[in-house]
Amino acid sequence: MMSIERQHYLVGDFEREHALEKLKAASQSGHLSLVEFDQRAARATHATTQADIDLILADIPQNLMVKQNRTSGLQKRIGIVALWASLVPLVAIGAADLAAIFAVLTIPLCILLFIMKVGPDSWYEPKTIYKQIGQ
């Protein structure tokens, strides 16, 4: 079987999307202007081989962090439905029992924090000590 060099490998949607994420990170960090980002993004969208991708990313620093979304669209939709469903008992209880209202409000708070990931990024990133332990 003939061996094909890496540069001649065909790329798929995953590789193109990864290249677009790196271009986005380079643009956000000031390494690319918006015009240059647009030009390279268009080329990345139509790239067919690994050589095309490598050429687009050749002068971009390798250590740029690609920021990932904390939640998917599905998680947000599930969170919204669960949030509304958890508020229905609050209306049924009324404002008569403060302890019951507090108990019912903890459920939406948990949904917001653990399903929908509402809040600053620092709440969801490992602390420095945990990063050092893992290395």
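Scanning the range 31-52 for residues being under 23 Å from GLU5 (Cβ atoms) and either among the β-branched types (Val, Ile, Thr) or not in a helix (DSSP H, G or I) (or both) gives a total of 4. I'd like to check something: does the range 67-74 contain any residue that is part of a helix (DSSP H, G or I) and modelled with pLDDT under 75? Yes, there is a match, as at least one residue in the range 67-74 is part of a helix (DSSP H, G or I) and modelled with pLDDT under 75.
Of all residues in the range 9-33, those that are out of contact with any helix residue (DSSP H, G or I) (no Cβ under 7 Å at 6 or more places or on another chain) and of a type outside the set (Gly, Ala, Ser) total 9. The conditions of being in contact with a Lys or Arg (Cβ under 8 Å, 6 or more places away or on another chain), surrounded by 10 or more Cβ atoms within 10 Å (Cβ to Cβ) and of a type in the set (A, V, I, L, M, F, W, C) are not met by ALA19.
The values are calculated or read from the model by the stated rules, or taken from the named source; none is laboratory data. This one's a predicted model, so the numbers in the text were calculated from it and none came from an experiment. Reconstructed Cβ throughout: ideal geometry from the backbone, glycine too, with neighbour counts over all protein chains shown.
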